[in-house]
Amino acid sequence: MAQAPPNLPGVALVGCGSSTPAQRVINDELGQRVETSDAWIQTRTGIRERKVVAKGETVNDLSYRAAESALQMAGWDAETVDLVLLATSTPDDLFGSAPQIQAMLGASKAVAFDLTAACSGFLFALVTASQFLRTGSIKRALVIGADQLSRWVDWDDRRSCVLFGDGAGAVAIESTNSNQNGLLAFDLKSDGKRGGCLNLPQRRDYLDLVTGKTHQKGGYSTIEMNGQEVYKFAVREVPSILDNLLKVNNIKPECLDWLLLHQANQRILDAVADRFKLPREKVLSNLESYGNTSAATIPLMLDEAVRDGRVQSGHLIASSGFGAGLSWGAALFKWHGPS
Ligand code: UT7
C-alpha cells in the first residue's frame, strides 16, 4: 500500500496513445474453427471481435505506434525521454524488446527495459516508472503495455481462444510539483500459490547435447486457463483492493469520474461496478471491439476515452489490473493531459 508521500515530485499523466492490428476476427469466424457461437461469446464475455496481428506486424510495431502517439500528444521531443518501460508477456525478443522500441522512437537518452506481470503489467509498470519520477532521478517516462497473445493462444480451445486479442497502449508521464501529483495512490499484489489457474508454461523438450548429456530446447506451450477460477479471483480481489484504496485515501466511490478496469470480461466489469454502486456510464469498456489484450487493455481504453473526450483533464480514475501470476493491482490517478 502506498500513499503519496508529501514534498516529493509528483507524477502527471500528460499523453497517451494506442495501436491495434488492422486484421479483425469476429465471433462468427471463430465458429468456423471451434464449436462456439456469437451469442455465447457475447452473452458470456461481451466480446464481439478482436484484432489479431497478421503476417509482418510485431509487438514492437504496435508498441512503437502507441508510444509515438503518446509522445505527440505530450508534445515531447523523443530525446527528452528518460525511461521507456515496456510491460509485456509476449516480447518479440526474450532478451528484452524495450531497447528496440527506444531505438525506433529515437529516444536515445532513455534507459529501456521490459517488465512482465501479465494482464497487471501496465499498472505495475506505471507504478514502477512513477517511483523513478517521485525520487527525482528522472523527469520523463513512456510506459507501454503491449501484447500479442494470439501467438500463444490455443486456437482450438474454445474455453480460452474467444477471449484474447492483440494491441498496445502507452502513457507519457512526467514529474511535476508535489501538490499537482496525479498518481494519488496504488497497491500491487502477487500470489504465486494461486498461479496455476492461468499459465503460459515453457515446453519440456530435451535434445541430445553431447554423448550422455542433454539440453533443453527453448519454446513455450499455449495458454492454459481455468476460466472459472480466474473469474472468481477477479470478482473477489478487484473490489477488495479498490475498496481498500478508496477507504485509505478517504475517497467515496461516487467521487470517481471513471472506473477503468483491465478489460477481461464485461461480466467482471459489471460485477465490480455493482459492488461500488457505480452507474454503467462511469465504467469504461471497449472489450467488445478488442477482447482481452492483456497488458494493453488499460492504456488502450484510456487512450480511446481521452481522444473521444470522455476523460478530461482533472478527472479522477480508479483503475485495476489483474491476471496471471496471480497478480493484481489498483491505482487512483488523475488524468492531466498535455500542458
Ligand atoms: O486476464 C485474465 C484472463 N482471463 C479471464 O479473465 C477469464 C475469466 N473467466 C471468464 O471470463 C469466464 O470464466 C469464461 C468466459 C472463460 C467462461 O465463461 P463461464 O460462464 O465461466 O463458462 P464455463 O466455463 O462455466 O462454461 C459453461 C459452458 C460449458 O459447457 P457445459 O460443461 O456446461 O456443457 C463450456 O464447455 O460453456 C461451454 N463453453 C463454451 N460454449 C460455447 C466454454 N467456452 C465456450 C465457448 N462457446 N467459447
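Just so it is clear, none of the values below were taken in a lab; they were calculated from the coordinates. Quick caveat, the model's predicted, so the values are computed rather than measured. Cβ: placed from backbone, ideal geometry, glycine included. Neighbour counts: every protein chain shown.
Here the Karplus curve 6.51 cos²θ - 1.76 cosθ + 1.60, taken at θ = phi - 60°, turns the phi angles of region 196-206 into couplings of x, 8, 7, 9, 10, x, 6, 6, 9, 9, 10 Hz, with x standing for Gly and Pro. Taking every DSSP helix (H) stretch of at least 4 residues in the chain, weighting each as -39,500 (n - 2.57) and dividing the sum by the residue count yields a mean residue ellipticity at 222 nm of -9000 deg cm²/dmol. The local environment of residue 186, defined by Cβ-Cβ distances under 14 Å, has a net charge of +2 under the rule Lys, Arg +1 and Asp, Glu -1.
For region 184-236, applying the loop criterion from DSSP together with a ceiling of 12 other beta carbons within 10 Å to the trypsin sites (Lys or Arg not before Pro) yields 203, 204. Placing +1 on the Cβ of every Lys and Arg and -1 on the Cβ of every Asp and Glu, with nothing else charged, gives region 181-339 a dipole about its Cα centre of roughly 360 debye.
Between the C-alpha center of region 112-187 and that of region 286-302 there is a gap of 12 Å. If you run the Gaussian network model on the chain, springs between alpha carbon atoms under 10 Å, then out of 154, 274, 82 the most flexible one is 274.
Out of the trypsin sites (Lys or Arg not before Pro) in region 41-135, which ones are loop residues according to DSSP with at most 15 other C-beta atoms within 10 Å? Those satisfying the criteria are 55, 109.
Charge dipole of the chain (Cα centre as origin; +1 on each Lys and Arg Cβ, -1 on each Asp and Glu Cβ, all else neutral): 720 debye, rounded to the nearest 20.
Note: relative contact order over the chain, using C-alpha pairs below 8 Å and six or more positions apart, is 27 percent. Each of 17, 136, 295 was placed along the dipole of the chain (beta-carbon charges, centred on the mean Cα), and the one lying farthest toward the positive end is 136. Percent of Cα pairs in the chain per distance bin of 20 Å, from zero to the largest separation: 33, 58, 9, 0.
Considering only alpha-carbon pairs that sit under 8 angstrom and 6 or more positions apart, the relative contact order computed for region 1-158 is 28 percent. Taking every C-alpha pair closer than 8 Å and separated by at least 6 residues, the mean separation divided by the residue count of region 219-339 gives a relative contact order of 30 percent. For region 200-339, lysine pairs with C-alpha atoms less than 27 angstrom apart, excluding pairs fewer than eight positions apart on the same chain, total 12.
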